[in-house]
Each structure stands twice: as structure tokens, then as C-alpha cells.
Amino acid sequence: MKPLYLRAIGVWLASLIFTACSAQLAPMPTVTYTPQPTSPPFPTIAAPTEEVLSLKPIIGDTLRVATSADFLPWEYLDKENNLKGFDIELIQEIARRGGVKADIRDYQNFDALLPAVEKGDVHVAIGSITPTEKRRQSVDFSEVYYREYQCIVTAPDLPITINEPKDIVIYNIGVITNTALDKWVIEELVRPGLLPLNNLNRYDSADALVYGLTTNAILIGLLDSSTAVAYESDHKLRILLTEQIVEDGPAIAIQKGNHELKQMLDKLIDKMLHEGFIDQLAEKYFRQQVNP
């Protein structure tokens, strides 16, 4: 028989358990959810659309182009009589990007290019044409699409040394007429009296100038570096000095007052410069990058 104190403890524990089970649990507090106002959706921003650079509304289906294919490597005829060269590929790409065809006509005479543009026989002329004040009187020009150095050259077998451009004043020299180098010789050498006018020979083409070197009709020639490198690779001349004698570069001649065409050509040229297309042409034809 259990002692009395154990019975008392048991009764006390049973009462505690009963009390705990019968007690009511305190209710959980009610939480009311109030939905917050949603922010307006971000506006949908359309991807910027690239400007359509089309020549068709300005000139129709065909870009008529004048050139003179006698200036290697800018424009020349290959063995099959096809037009080739830096300028030829450039204007063909401009036409392609502008959504038109290129009708390139060889006038076989550099001096005939600007009159063809002026009269409206063609829309543009390309042929390593440097814009000058005199030329701007008759035609407009696109932005310059290429800048390069110039070379002083001589025949491969002549032991001549030139340290700076003005060293050439003691020789008979040759330039291509109506070029930036022709203008430089007149303004910097002839007019100041450094070079006698009789010592200046002006040629219609690079071929004629190089022929003058090979026959010793002249001892020194001035050419753009791209042209000089092309002839040197054929062992027809030797480059004595390469330097930036003139800062101007070639541009496309446009009929005066045709602002729409000029603006579109400038945009196309600018895009091709930024994309590196003209760098690629320079590498292909001149084996050098476009100078900044």
C-alpha cells in the first residue's frame, strides 16, 4: 500500500493536468493585409531604328559617276579592261548602301571630270580629287574620305638623297597637273623664287610622270604615297622621302547646290569610315591604314 504523501502528490499532479487541458488558448491576433498600390509599368522603349540612307529619292535608280582610269591604284583598267581601284570600290559600295546601281564612266581625262558634273552629265565624279578653292567655284564636294602622306620619288638607279621637301629645288621635278601637290609646288617653291618655273614639268597622269623619270626627262617626282608605293612595287621608281606635304585629301565632286545628295553622301562616307570599310580598302590597295 502506497504511503499517503504519494497519493497526495498524485492527486495534485492530476489536477494540474486537468486544469491545463481545460484552459482556453488565447486567440492569435488577426492580421489584416492591405494590398499596396502597384507602380505603373515601365514604359516600353523601342530599340532605336537605324536611319535609312537611301540615294533613290534623290537621284533615282542609278548613280551616274565620272572617273578617269589612269591613276593607279585609285582608278585603273585591269588586263580585261575592267574598272578597278580604291575609288571604284568605294563608289560602288556607296551606291550599294544607298540602294542604287552605279554607272561608272571612264572619261580618260582628269580635266573632264568636273565639267561633266557641272553640266549634269553625271551626278558625281571620283578620281582622287582634292577640293580646292578654285574647284569649289564650280562644284560642291563631299567630306574628305581619305588622308595620306606624299612621296618624293626618283628613278630606281639614280643616287639622289632628299632630307626634306624643299631639297628638290635643285632638280628638274615633275607633278601631276591640277593636284594638291601641283598647287604646293607653285605656292611654296615657284612663287617664292626657290624653284625656276622652267624646272617644273606638269603631267596629265601618273603614268606620264613615271615615264618622265625612266627617260630622265625629270629627276624628281611628287606623288601621293599610295600611288608611289604601287609604282615602286613594280620597280618603276624609288621612294626618297615620305612626308605629309599637303594636308588635303580626296573628296567626291557633286553638282553645285545639290545639298540633299551631298548630305546623303556625307552620311554614307561617315558610316563607312566608322565601320572600318575604308580602312579595309586602304589595306587592300595601299597596304596601310587610313591616317587620322
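The values are calculated or read from the model by the stated rules, or taken from the named source; none is laboratory data. Note that the structure is predicted; figures quoted are calculated from it, not measured. Glycine gets a Cβ as well: all are built from the backbone with ideal geometry, and neighbour counts include every protein chain shown.
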Which of the residues that make up the range 79-126 are free of Cβ contacts under 8 Å to residues at least 24 places away in the same chain, in a strand (DSSP E or B) and either closer than 19 Å to residue 177 by Cα or under 18 Å from the mean Cα position of the chain (by Cα) (or both)? none
Step by step: first the residues of the range 191-228, then only those that are of a type in the set (A, V, I, L, M, F, W, C) and surrounded by fewer than 19 Cβ atoms within 10 Å (Cβ to Cβ), then the one that is nearest to the chain's Cα centre (by Cα). Which residue is that? 208
Hey, does the range 253-260 have a residue that's farther than 21 Å from residue 112 by Cα, in a helix (DSSP H, G or I) and modelled with pLDDT of 95 or more? yes
Quick test of your reading of the structure: residue 271 fulfils all but one of (1) touching a Gly at 6+ places or on another chain (Cβ under 8 Å); (2) part of a helix (DSSP H, G or I); (3) not aliphatic (A, V, I, L, M). Name the failing condition by number. (1)
Confirm whether residue 270 is surrounded by fewer than 19 Cβ atoms within 10 Å (Cβ to Cβ), in contact with an Asp or Glu (Cβ under 9 Å, 6 or more places away or on another chain) and within 29 Å of residue 52 (Cα to Cα). yes
Looking at this structure, is residue 174 over 19 Å from residue 66 (Cα atoms) and either modelled with pLDDT of 95 or more or outside any helix (DSSP H, G or I) (or both)? yes
Could you count how many residues in the range 179-200 are touching a helix residue (DSSP H, G or I) at 6+ places or on another chain (Cβ under 7 Å) and either in a helix (DSSP H, G or I) or closer than 22 Å to residue 248 by Cα (or both)? 4
Please determine whether any residue of the range 180-202 is in contact with a Gly (Cβ under 9 Å, 6 or more places away or on another chain) and modelled with pLDDT under 95. yes
Selected residue [at positive phi, modelled with pLDDT of 90 or more and of a type in the set (Gly, Ala, Ser)] from 212, 276: 276
Answer yes or no as to whether residue 157 is more than 30 Å from residue 284 (Cα to Cα) and not in a strand (DSSP E or B). no
Considering each residue of the range 247-258, count those that are over 19 Å from the mean Cα position of the chain (by Cα) and over 17 Å from residue 65 (Cα atoms), and give that number. 1
